[in-house]
There are 2 protein chains.
Amino acid sequence: MRILMIGFGNVGQKIAEIFSKQPEDTKLSLLQPVFIGIFTANHGAVVNDRGLPLKNCLEFYRKHKTFDASYAHYFRGTVIEAIRSLVYDVMIEVSTLSIKDHGEPAVSYVTLALEAGRHVVLANKGPIAFRYRELSKLADKKQVHLLFESTVMDGTPVFSLSKAGLIGCTVTAISGIFNSTTNIVMDGIRRGKSAEEAIHDAQALGIAEADPRLDLDGWDCAVKLAVLGNVLMGTDINPAKIPRDEFTPVIPELARQAFKSGKYIRQVGKIWREHGKVYFKVAYSPLPESDPFSSVSGTSSAIRIETDCMCPQVILQENPGLADTAYGIINDLLTIQSAGSAIPVKAIAD
Amino acid sequence: MRILMIGFGNVGQKIAEIFSKQPEDTKLSLLQPVFIGIFTANHGAVVNDRGLPLKNCLEFYRKHKTFDASYAHYFRGTVIEAIRSLVYDVMIEVSTLSIKDHGEPAVSYVTLALEAGRHVVLANKGPIAFRYRELSKLADKKQVHLLFESTVMDGTPVFSLSKAGLIGCTVTAISGIFNSTTNIVMDGIRRGKSAEEAIHDAQALGIAEADPRLDLDGWDCAVKLAVLGNVLMGTDINPAKIPRDEFTPVIPELARQAFKSGKYIRQVGKIWREHGKVYFKVAYSPLPESDPFSSVSGTSSAIRIETDCMCPQVILQENPGLADTAYGIINDLLTIQSAGSAIPVKAIAD
């Protein structure tokens, strides 16, 4: 399976790391991926039609924080040229989400790859949140896979489950806790910290961004809801239109009051169908201790899926890390391979 | 899709009910099932090669509690003759589990159907708990499906999830709460009832059997663990060999003490791999309130799946009923259909 990877941040590097030290006897060895190109946003790119030495690329990049002309496989062309003209089976899109640019440039990259007849696997939520309908139509037309298990809940099989296990059902409602920063901030407030201290803790853990408002004001959750709504409930929502509770000073105060009466406050994302219309909301919600969502803290997350034919199904993901996001991508690659859509080729030895 | 159904108890009747009133516009209408035979254990059978009038069969059976010679489609032959000689695509096995007979006669029925080249879908755990290895080999040899989503957690997509969403992973441990009767008994004890009163409540709800020991002494849980171990961890265990905590008078006492210190006692089933061997256990275990398993009560159940490559995944099923078991079966039928293995034929109108 020949792979072009766009993005080489934490997730991209983790994928490279896993495939660099992949032992012979795991199920992953079935994949035999050959990386023919790796593109970073601002720190160069590497390409080799016959397969890059993955471990060596990773070591070079981690040492120099960039790919430059001193590296044997340095590539001077643009990412658009690469997506159009290189020969590969699957494009992995793990670059950073840009909400203000409505998922661009990733939307364009994915469009070009699909137009070239390549399968696409994403961890970047942007294209699925902002342009799922047209991208999935294009993938259908080109008869290629467009998979994105890692976009919500870091690789927990939310979409695989719905596709394989709820076939006869129509999803009527989804709710969940999808954002780690707000979990950590709420847990901190519960332990008596100020909101500022708790936000600082989340930043120190590397969970919250320098600007934590994307998480605290519900943007991250709204984008994930858009992905879930578009894929599982047939919507075509603009994430910017989803109502969000912002993290005003009243929120920590509400949280403190809730904790006193044995309740938890969590940032809960909800989608529900009512009189034929689908509604979205991101809200700081009080939950009783007996609610399974109350046990979700730190980087853990949770989703409840309701359907017209079965009882609610809740999935909890306990303390995921980067490896989970990477394995979500790998699961998608294995799905493509098991569908017989890509023939494994022998990897170039490092 | 032509169907032969073995068993017409609560689950079999629920399936018939769903397909009898299936509206035109649901995803289920894709199936267009034609039931060509329905067999009960001790109350007769009905057969029609061109398709039984399902609603009419259900009404007759519910009124008379039996199929007899007064009914137009009454069948005088044996179930073994029917499995061997009738023409159908899928056999649904929803008869009652017999632990003391090691899953028989269902094991023989499933074997005969597979040998005849038919797909098999089960809610009856027996064949998968006692003879999975040989049955799955036979299904592979005959290139037919052997599916059983409803055997554990009433249709919650445990097996579909593992198949579609944890492809690259090896399961290292499974734990869960799988038995409703023990949940209800423990909840009753927590509310101050005696064990006897709590057991009576579970019987009054129709959850516990007349002899509740199969549940309380862990047999039901052990059989489900055998299914999970055989399918997800490659074991070939005899359920009778799984160590089980029995419900001795000390258990209610332990439960009362645990509740006083803010803990819950639940019947937890566990499978884990250690030094290359796989171990099984059914035990009454104290759980802290923060454990998501503590929120599982009544007919709800829970499973935690651990793998070598991702963080633990927990699935909670909230208050399932008969419809969930029936939809697990229907999901399996849809899986077979979407694999292109059975051509839908027009159903006979009632």
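Summary table
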item: The listed residue being more than 14 Å from chain B (Cβ to nearest Cβ), outside any loop (DSSP other than H, G, I, E, B), surrounded by 21 or more Cβ atoms within 10 Å (Cβ to Cβ) and modelled with pLDDT under 95, out of A:Ile265, A:Ile271; result: A:Ile265
item: Selected residue [within 14 Å of chain B (Cβ to nearest Cβ) and within 23 Å of A:Val278 (Cβ to Cβ)] from A:Leu135, A:Leu232, A:Leu225; result: A:Leu232
item: Residue identified as crowded, with 22+ Cβ neighbours inside 10 Å and over 29 Å from A:Pro312 (Cα atoms) among B:Ala106, B:Ala202, B:Ala198; result: B:Ala106
item: Any hit, the stretch B:5-19, residues being more than 13 Å from chain A (Cβ to nearest Cβ), at pLDDT 90 or above, part of a strand (DSSP E or B) and buried (at least 22 other Cβ atoms within 10 Å of the Cβ); result: yes
item: Matching residues, the stretch A:306-320, being touching a Ser or Thr at 6+ places or on another chain (Cβ under 7 Å) and at the interface with another protein chain (Cβ under 7 Å from one of its Cβ atoms); result: A:Gln313, A:Ile315, A:Leu316, A:Gln317, A:Glu318, A:Asn319, A:Pro320
item: Residue, nearest to A:Glu306 (Cα to Cα), within the stretch B:138-170, restricted to residues that are among the hydrophobic types (A, V, I, L, M, F, W, C), within 12 Å of another protein chain (Cβ to nearest Cβ) and not in a helix (DSSP H, G or I); result: B:Met153
item: Some residue of the stretch B:287-294 being in a strand (DSSP E or B), more than 9 Å from every other protein chain (Cβ to nearest Cβ) and either crowded, with 23+ Cβ neighbours inside 10 Å or in contact with a strand residue (DSSP E or B) (Cβ under 9 Å, 6 or more places away or on another chain) (or both); result: yes
item: Test result for B:Gly298, in contact with a strand residue (DSSP E or B) (Cβ under 8 Å, 6 or more places away or on another chain) and at positive phi; result: no
item: Residues satisfying the stated conditions in the stretch B:91-109, i.e. of a type in the set (Val, Ile, Thr) and at pLDDT below 95; result: B:Thr96, B:Ile99
item: Residue within the stretch A:98-117 that is under 17 Å from the mean Cα position of the chain (by Cα) and within 14 Å of another protein chain (Cβ to nearest Cβ) present; result: no
item: Residue identified as buried (at least 18 other Cβ atoms within 10 Å of the Cβ) and within 30 Å of A:Ser261 (Cβ to Cβ) among A:Ala164, A:Ala139, A:Ala208; result: A:Ala208
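The values are calculated or read from the model by the stated rules, or taken from the named source; none is laboratory data. Quick caveat: nothing in here was measured; it's all calculated off a predicted structure. Cβ atoms come from the backbone with ideal geometry, glycine included; neighbour counts cover every protein chain shown.
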